[in-house]
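Data block below; observations after.
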Amino acid sequence: MNKRIIVLKIMLLVSIMVFGQEKQTIKVIVPNKTDEVYITGNQEVLGNWNPKSLKMEKISDYERSITVDLTYPAEFKFTQGDWNSEGIIRTLNNNPNQKLESSESKNIFIIKGWSNAIDGTALGLDYQVEFLPSKYVIGGGRQIKIVLPINYDPNKKYPVFYITDSEWRNFEVAKNYLESMSGDPYGIIPETILVGIVHGSNNGESNRNKDLDVLYEETGQQFKNFLFQELIPHINEEYSTSGFNVMIGHSNGAEYNHYLFLEEDNPFRGFISISTNFYGKRKNKDVDTRMGNTMKNYAGDTFYYFVANAKYDSPDRIQAGDDYENMYNKDPNPKLQFQKKFYEKGHNSVVPPALFDAISFVYKDYKQLEKYKTFYDLRDNYAKDMKDLYGLDIEYTLSDVESLFSQIFETKDKKQLDALYAFIEKHKIFPNGVTQEKGGVDAMNQGNIYYHIGAYETSALKFEEALNQINITVEPMVYFGNFDFVVDCFKNINDHKTLMEILIQSRDFAASNKVYDDGNKEILLKLHYLIATLSAEHNISKEEGEKAKQYCIDNYYQNKLFKLEEMKQLSI
């Protein structure tokens, strides 16, 4: 081939390339008047992915524009000058390159926010997003996602779960579990703050494998510094945290947990490692031995370590999980709670079921009320245990002590019941149906339980108090619905005179106040019957007895208490 032909081919090639370029105007609508916008993409005219090489022109307060000679297809993104400030076009977790396939493609884009200054509301998020600057990690910082409990109260203390790989759906899975398991009507774990770490990219290259460096070299140790010295102190300063921290890691993140666990200043009290490995042994040959020794010799506050294996994962990951378990079982340590579970899942599909089990395992000691054999045991140790284990300042609920009533029914321990009522009063945990506030147990309910354990003298005093508290702290339906216990209580202590007084006052209340929605006919007949029969049996309050007898005759209807002829023959 001669030179002339070669030159001709080169000229043809250049002509084709030039012909493939077209002038194209690209416009963006920005969220803020002061926004400076850069465009960068897959061509030299777009900066070859340099985030600060090509600034767009300000056309108006909210419009930026640039005209370039493009070769199609073109791919690009918008930034504010670095990769930490990408423009969000679609969603936070799904923000791909923008594309122009031809001159007919859409060329106007709307930026909803910037990755280093996210307005969660504008993106439809129910959690906070912020950019945390760092002097340690590549790119100068990381985007973090913060999920606060729905009823977050800065006066309460909350455990914190951290999770790497938070640009993936693992973050959403953890978020949904923590919210559902802690919320009504379940409450099987405490309300928990979740912090997700987004690794992002630098000059178009993902930071993930550098952050979660399984060989724990420079970038891996710098990411550790970011976690220990910047992220966790930041969360502790900005939010009300309990000091109980857990790290969730999957794949490389699970193996990276090894190294965090081995650090002397490790701020975590739990690790969740899903589909882990010991790939790092290629450099750190003794990492598994060090793990075993640390597990064996750990002497700090109770620690929780959960490992998940997947049947359809790579063999080395399955082996690593088994090695973990063998290391722990060789020298079990009661200070370090360990569990490994095996799932018939794959590398990624193992995450949802494993996360549920892992969260349950970490919180396995939360509200384990059955371990407290008596009320005194619960009163003296439960709050301290929750503080020591999870850093929680317990707010007692009625469900915390409900099982103790059954226990007291069996033992008939009045002294313990006295103490339990005092405890409920002190912590104000009984919901009052009249006041709609929480406080101590009302007199009627107290009287009922004293009655059922045979403490009739105390029960009688409470029933008298209840009568005077109707519609103040005692619900009428509760009082009259349990009236048989009142009658039997006073009969057991042979105080028929006081019983008569209570019957008469109760009748007078029911005659002039609403007790039941469908009327008081039934309770009024019952009260008059009790007055009449008590008067006849014990020869007391004869005038009231005669009036009650006549009421029963005049207002008779078929009932389970008496027949009309029986009442007519009653001798008072």
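Residue pairs whose Cβ atoms lie under 9 Å apart, separated by 6 or more positions or on different chains, with the first residue in region 363-376 and of a type in the set (Val, Ile, Thr) and the second part of a loop (DSSP other than H, G, I, E, B), are Thr374/Asp413.
Results for (1) surrounded by fewer than 20 Cβ atoms within 10 Å (Cβ to Cβ); (2) within 20 Å of Pro51 (Cβ to Cβ), shown as yes or no for each residue.
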{"site": "Leu92", "(1), (2)": "no, yes"}
{"site": "Lys99", "(1), (2)": "yes, yes"}
{"site": "Gly124", "(1), (2)": "yes, no"}
{"site": "Pro149", "(1), (2)": "yes, no"}
{"site": "Pro154", "(1), (2)": "yes, no"}
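Of all residues in region 252-283, those that are in a loop (DSSP other than H, G, I, E, B) and in contact with a helix residue (DSSP H, G or I) (Cβ under 8 Å, 6 or more places away or on another chain) total 9.
Taken as a whole, the condition of being open to solvent by 70 Å² or more (accessible area, probe 1.4 Å), farther than 24 Å from Leu355 by Cα and either in contact with a Leu (Cβ under 7 Å, 6 or more places away or on another chain) or charged (D, E, K, R) (or both) applies to Lys285. Looking at region 156-172 only, could you name the residues that are part of a helix (DSSP H, G or I) and either touching a Phe, Trp or Tyr at 6+ places or on another chain (Cβ under 7 Å) or over 11 Å from His250 (Cβ atoms) (or both)? Matches in region 156-172: Glu172 only. When you go through Ala466, Ala532, Ala460 one by one, which is the residue that is among the small types (Gly, Ala, Ser), in contact with a strand residue (DSSP E or B) (Cβ under 9 Å, 6 or more places away or on another chain) and surrounded by 22 or more Cβ atoms within 10 Å (Cβ to Cβ)? Answer to the check: Ala466. Restricting attention to region 343-365, the residues that are more than 22 Å from the chain's Cα centre (by Cα) and of a type outside the set (Asp, Glu) add up to 6.
Somewhere in region 199-209, is a residue part of a helix (DSSP H, G or I), open to solvent by 10 Å² or more (accessible area, probe 1.4 Å), modelled with pLDDT of 90 or more and farther than 26 Å from Gly391 by Cα? For region 199-209, residues part of a helix (DSSP H, G or I), open to solvent by 10 Å² or more (accessible area, probe 1.4 Å), modelled with pLDDT of 90 or more and farther than 26 Å from Gly391 by Cα: present. Under 23 Å from Tyr421 (Cβ atoms), open to solvent by 50 Å² or more (accessible area, probe 1.4 Å) and of a type in the set (Phe, Trp, Tyr) - does that describe any residue in region 378-387? No, region 378-387 contains no residue that is under 23 Å from Tyr421 (Cβ atoms), open to solvent by 50 Å² or more (accessible area, probe 1.4 Å) and of a type in the set (Phe, Trp, Tyr). Here is the figure for region 156-172: residues that are in contact with a helix residue (DSSP H, G or I) (Cβ under 7 Å, 6 or more places away or on another chain) and open to solvent by 20 Å² or more (accessible area, probe 1.4 Å) total 1. On the stretch given as region 399-415, residues that are open to solvent by 40 Å² or more (accessible area, probe 1.4 Å) and at pLDDT below 90 total 5.
Is it the case that Ile472 is out of contact with any strand residue (DSSP E or B) (no Cβ under 6 Å at 6 or more places or on another chain), within 30 Å of Glu537 (Cβ to Cβ), touching a residue at least 12 places away in the same chain (Cβ under 8 Å) and of a type in the set (Val, Ile, Thr)? So Ile472 does not fit the description; no.
Do we find that Tyr186 is part of a loop (DSSP other than H, G, I, E, B), surrounded by fewer than 18 Cβ atoms within 10 Å (Cβ to Cβ) and not polar (S, T, N, Q) in this structure? Spelling it out, Tyr186 is indeed part of a loop (DSSP other than H, G, I, E, B), surrounded by fewer than 18 Cβ atoms within 10 Å (Cβ to Cβ) and not polar (S, T, N, Q). Go through region 304-324 and give me each residue that's surrounded by fewer than 19 Cβ atoms within 10 Å (Cβ to Cβ) and over 12 Å from Thr276 (Cα atoms). Those that are surrounded by fewer than 19 Cβ atoms within 10 Å (Cβ to Cβ) and over 12 Å from Thr276 (Cα atoms): Lys311, Tyr312.
Contact map, region 312-331: first residue without any contact (Cβ under 8 Å) to a residue 40 or more places away in the chain and more than 14 Å from Ser251 (Cα to Cα), second residue among the hydroxyl-bearing types (Ser, Thr, Tyr) and outside any loop (DSSP other than H, G, I, E, B), Cβ cut-off under 8 Å, separation 6 or more or different chains; pairs are Tyr328/Tyr305.
Of all residues in region 160-186, those satisfying the criterion of being over 8 Å from the mean Cα position of the chain (by Cα) and more than 28 Å from Ser115 (Cβ to Cβ) are Asp184, Pro185, Tyr186.
Of all the residues in region 384-394, those that are under 21 Å from the mean Cα position of the chain (by Cα) and free of Cβ contacts under 8 Å to residues at least 12 places away in the same chain number 1.
Scan region 103-118 for residues that are over 18 Å from Ser65 (Cβ atoms) and within 37 Å of the chain's Cα centre (by Cα) and jot them down. Spell out how you get there, then give the answer.
Taking region 103-118 and keeping what is over 18 Å from Ser65 (Cβ atoms), we get 104, 112-118.
Selection gives Lys112, Gly113, Trp114, Ser115, Asn116, Ala117, Ile118.
Here's the yes/no breakdown for (1) touching a helix residue (DSSP H, G or I) at 6+ places or on another chain (Cβ under 8 Å); (2) touching a residue at least 24 places away in the same chain (Cβ under 8 Å); (3) aromatic (Phe, Trp, Tyr); (4) not in a helix (DSSP H, G or I):
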{"position": "Ala174", "(1), (2), (3), (4)": "yes, yes, no, no"}
{"position": "Tyr177", "(1), (2), (3), (4)": "yes, yes, yes, no"}
{"position": "Ile197", "(1), (2), (3), (4)": "yes, yes, no, yes"}
{"position": "Asp213", "(1), (2), (3), (4)": "yes, yes, no, yes"}
{"position": "Phe223", "(1), (2), (3), (4)": "yes, yes, yes, no"}
{"position": "Leu227", "(1), (2), (3), (4)": "yes, yes, no, no"}
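Looking at Ile472, Ile553, can you tell me which residue is of a type in the set (A, V, I, L, M) and open to solvent by 50 Å² or more (accessible area, probe 1.4 Å)? Give the steps one after another, and end with the answer.
Details: Ile553 fails: open to solvent by 50 Å² or more (accessible area, probe 1.4 Å).
That would be Ile472, the only listed residue that is of a type in the set (A, V, I, L, M) and open to solvent by 50 Å² or more (accessible area, probe 1.4 Å).
Looking at region 462-470, is at least one residue farther than 22 Å from Gly439 by Cβ and more than 42 Å from the chain's Cα centre (by Cα)? For region 462-470, residues farther than 22 Å from Gly439 by Cβ and more than 42 Å from the chain's Cα centre (by Cα): absent.
The values are calculated or read from the model by the stated rules, or taken from the named source; none is laboratory data. Predicted model, so just to flag it, every value in this text is computed and none were measured. Quick reminder, even Gly has a Cβ in these numbers, built from the backbone with ideal geometry, and neighbours come from all protein chains shown. Heavy atoms of the whole protein, side chains included, go into the accessibility calculation; ligands, DNA and RNA do not. Shrake-Rupley method; radii C 1.70, N 1.55, O 1.52, S 1.80 Å.
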